[in-house]
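*Asks:* After the structure tokens below, expect a handful of questions from me.
The values are calculated or read from the model by the stated rules, or taken from the named source; none is laboratory data. Because the structure is predicted, anything quoted here is derived from the model rather than measured. As a convention, Cβ positions derive from the backbone with ideal geometry for all residues, glycine included, and neighbour counts pool all protein chains shown.
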Amino acid sequence: MLLRQLLIILFVCLWFTGSAQTKRRQRIDSLQYAILHTKDDTAKVKLLLKIGDDFVDADAGEMIRYAREALDLAERLADTVSMAGAYNNLGVAYYHDKKWNKALSNFQAGLQICRSLHDTQREGVALCNIGLVYSRVDYLNKAQESFDEAKAILEKTGDQLFLANTIAGIGWLYVKRMQYASAIECYDRALGLYKDINKKGGMAKACNELSWLYYKTDQYGLAEETALSALAFAHESEYRLGVKEANQMLNKIRGMKK
């Protein structure tokens with residue numbers, strides 16, 4: 001039964017991967033055309049930021065290129081809101097490229113602008129991202145402070161995506177402290193939030209973390225079930241690292257059964 005379930009999931013994943021890649025290529029082509037035919041104004045900045053989003057998890061270099069172009073144009077236009085967006089995109093790109101210092105400096109630059117504009121929602125997003133960087137370089141206390149501040153803001157603004165990201169970040173801190181039961185609670189709540197907004201990439205990340213935690217706490221059936229879910233969500237969202245992590249976990253679990 002499990003083998004049949006896996007074959008069905010793999011078939012669906014292959015179909016979704018090809019479909020998603022085609023759609024993303026079409027989006028990029030359309031945005032590139034629009035950028036070429038749009039004058040240097042705020043609309044063009046938004047297009048540059050939007051096309052950069054399509055390179056998350058795929059090509060950090062391209063995301064950085066478009067974000068720098070957006071930042072340069074936003075500065076020339078004195079468009080501070082778009083400047084904050086460009087700094088955020090630069091931070092995200094450097095984060096995925098594991099250049100932590102550059103990620104942090106760009107997120108902090110964006111945070112300063114958001115606070116100057118009294119833009120609470122974007123402030124919460126920036127604080128979440130800063131917490132994620134601190135957590136990756138093991139500044140756990142600073143990460144906790146940023147996440148706690150972000151969580152308080154995002155619960156008020158109703159930003160479910162970054163609230164989920166923040167709660168997942170807090171879950172990672174529990175993992176680092178080897179408090180696995182609390183980590184499971186956080187990732188399970190984050191997964192629920194991602195499902196509410198149908199964020200497949202977030203669902204894949206949360207499921208991969210939960211799978212590892214279930215494996216670590218000897219709950220092998222749950223670990224395998226959750227890894228299969230992570231694999232499906234990762235394929236649907238073109239989250240390549242998520243596919244790799246899910247397959248690694250499935251191989252590890254199957255290796256135990258031999």
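*Asks:* Quick one: N251 ticks every box in (1) farther than 23 Å from G169 by Cβ; (2) in contact with a Phe, Trp or Tyr (Cβ under 9 Å, 6 or more places away or on another chain); (3) of a type in the set (S, T, N, Q) bar one, so which box is it?
*Replies:* (2)
*Asks:* Being among the small types (G, A, S) and over 26 Å from H96 (Cα atoms) is the filter here; which residues of region 224-258 pass it? Spell out how you get there, then give the answer.
*Replies:* So the first thing to find is which residues in region 224-258 are among the small types (G, A, S), and the list is 227, 229-230, 232, 234, 237, 242, 246, 255.
Across region 224-258, the qualifying residue is only G255.
*Asks:* Moving to a separate point now. Examine region 79-93 for a residue that is surrounded by fewer than 23 Cβ atoms within 10 Å (Cβ to Cβ) and without any contact (Cβ under 8 Å) to a residue 12 or more places away in the chain, and state whether such a residue exists.
*Replies:* No, because not a single residue in region 79-93 is surrounded by fewer than 23 Cβ atoms within 10 Å (Cβ to Cβ) and without any contact (Cβ under 8 Å) to a residue 12 or more places away in the chain.
*Asks:* Please indicate, with yes or no, whether at least one residue in region 217-239 is hydroxyl-bearing (S, T, Y), within 20 Å of G169 (Cα to Cα), in a helix (DSSP H, G or I) and at pLDDT 95 or above.
*Replies:* Looking through region 217-239, at least one residue is hydroxyl-bearing (S, T, Y), within 20 Å of G169 (Cα to Cα), in a helix (DSSP H, G or I) and at pLDDT 95 or above.
*Asks:* Moving on to the next point. Before we move on, is A190 part of a helix (DSSP H, G or I), of a type in the set (A, V, I, L, M, F, W, C), out of contact with any Leu (no Cβ under 8 Å at 6 or more places or on another chain) and surrounded by fewer than 17 Cβ atoms within 10 Å (Cβ to Cβ)?
*Replies:* No, not satisfied.
*Asks:* Does region 106-121 include one or more residues that are at pLDDT below 95 and touching a Leu at 6+ places or on another chain (Cβ under 9 Å)?
*Replies:* Looking for residues that are at pLDDT below 95 and touching a Leu at 6+ places or on another chain (Cβ under 9 Å), one finds at least one in region 106-121, hence yes.
*Asks:* While we're looking at this one, here's another question. Please work out if K244 is part of a helix (DSSP H, G or I) and surrounded by fewer than 20 Cβ atoms within 10 Å (Cβ to Cβ).
*Replies:* Criteria met by K244.
*Asks:* Please work out which residue is surrounded by the fewest Cβ atoms within 10 Å (Cβ to Cβ), limiting yourself to region 113-159 and to residues that are among the aromatic types (F, W, Y) and not in a loop (DSSP other than H, G, I, E, B).
*Replies:* Here the answer is Y134.
*Asks:* Does V81 fit the bill of being more than 23 Å from G201 (Cα to Cα) and either at pLDDT below 95 or acidic (D, E) (or both)?
*Replies:* When the stated conditions are applied, V81 passes them.
*Asks:* To continue, here is another question. Can you tell me which residues in region 197-223 are in contact (Cβ under 8 Å) with a residue 24 or more places away in the chain, farther than 22 Å from H96 by Cβ and surrounded by fewer than 20 Cβ atoms within 10 Å (Cβ to Cβ)? Lay out the reasoning, then the answer.
*Replies:* So in region 197-223, the residues in contact (Cβ under 8 Å) with a residue 24 or more places away in the chain come out as 197, 199-217, 220, 223.
In the following step, the residues that additionally are farther than 22 Å from H96 by Cβ were identified as 213-217, 220, 223.
Listed by number, the residues that qualify are Y215, K216, T217, Y220.
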